[in-house]
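Presented below is the structure to which this report refers.
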Amino acid sequence: MKRIFGMVLLMGAMIISVHAQQVSVISSLNNQKDSLSSVNGDSTGRWYAGDDIPKRKFNTRAFIIPAVFIGYGFAAVYDHGALKQLDLSTKDELQEDHPRFAAHVDDYLQLAPAAAVYALNLSGLKGKHNLFDASMLYLTSSAIMGLSTHLVKQGVGRMRPDFSGINSFPSGHTASAFMAAEFLHQEYKGVNPWISYAGYFVATTTGALRMYNNKHWFSDVVAGAGFGIASTKIACLIYPYMKGVFNVKKRSGFSLMPFYQSGTTGLMLAGRL
């Protein structure tokens with residue numbers, strides 16, 4: 001149990017340490033955003049749904065942690081030595097200490113960090129983006145995460161610890177949880193660092209519960225964390241370009257916005273020629 005707790009703490013420490021090294025870069029981006037907010041946003045520097053989101057440059061350091069996690073996972077899958085033994089011994093220790101453990105709160109806990117973004121916005125504590133752009137970022141992240149983990153699961157075909165299927169690697173629940181945690185971090189790292197990092201602890205708990213429920217190996221969970229974090233980071237890079245393609249307002253004076261009326265939802269195109 002102490003060893004498992006130590007590994008969990010190590011994962012959290014690695015994530016937070018790399019993010020801490022990026023504080024100066026984040027501050028620089030925030031200063032640039034503040035200088036433009038008087039033109040494109042409100043007094044808080046948030047961007048309206050019709051305005052362009054500043055495009056980000058690819059930062060190799062931002063992908064160090066997910067790359068290490070994913071690399072470790074693949075190494076463990078094909079290793080027949082120490083890494084495989086760590087998976088087996090972790091499973092044995094958990095099952096020995098809690099042989100009848102069966103709590104499925106992880107099915108819901110994986111969504112908690114993303115739900116927190118909406119709850120905080122509705123309570124008045126605004127994040128980096130308006131709810132429309134935040135929602136699009138989350139959906140883009142979900143699509144990247146879902147597709148990548150599905151393809152890897154099918155390609156690797158790893159047996160689950162409880163022999164219930166051959167789609168163990170990587171952990172989809174853990175990937176979803178860390179994707180949501182990174183989403184929360186991206187939205188609130190410039191507002192409240194304590195809130196932005198809280199999602200990682202929730203995500204780590206989700207991964208731990210997947211092992212307690214005997215649904216995943218330790219390396220499945222580590223790789224899942226990497227896939228989740230990378231998915232959100234990639235979405236943050238490509239979404240401004242995606243929005244630029246569909247945002248016709250800038251070129252023709254038209255705006256595209258969602259609407260809800262009489263139980264019907266859709267998109268409304270408004271403007272003038």
- Accessible area of Lys215 in the full protein assembly, 1.4 Å probe (Å², nearest 10): 60 Å²
- Query: Cα atoms only, segment 100-165: Rg and Dmax in Å?
  - Reply: 16.5, 46
- segment 102-151 - percent of accessible surface contributed by carbon and sulfur, probe 1.4 Å: 76 percent
- Message: For q values of 0.14, 0.23, 0.25, 0.26 Å⁻¹, compute log₁₀ I(q)/I(0) with the Debye formula on a Cα-only model of segment 169-233, without solvent.
- Response: -0.36, -0.81, -0.91, -0.95
- Item | Violating pairs (Cα-Cα greater than 19 angstrom) within the set Lys84/Lys215; Lys153/Lys233; Lys128/Lys233; Lys84/Lys233; Lys126/Lys189 | Lys153/Lys233; Lys84/Lys233
- Note on the structure: So the FRET efficiency between Met159 and Leu139, C-beta based with R0 = 22 Å and rounded to 0.05, is 0.10
- Item | Volume per residue of the C-alpha convex hull in segment 116-206, rounded to whole Å³ | 93 Å³
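The values are calculated or read from the model by the stated rules, or taken from the named source; none is laboratory data. In this text, all values refer to a predicted model and were calculated from it rather than measured experimentally. Glycine gets a Cβ as well: all are built from the backbone with ideal geometry, and neighbour counts include every protein chain shown. SASA here: full protein model, heavy atoms, side chains in, ligands and nucleic acids out. Shrake-Rupley method; radii C 1.70, N 1.55, O 1.52, S 1.80 Å.
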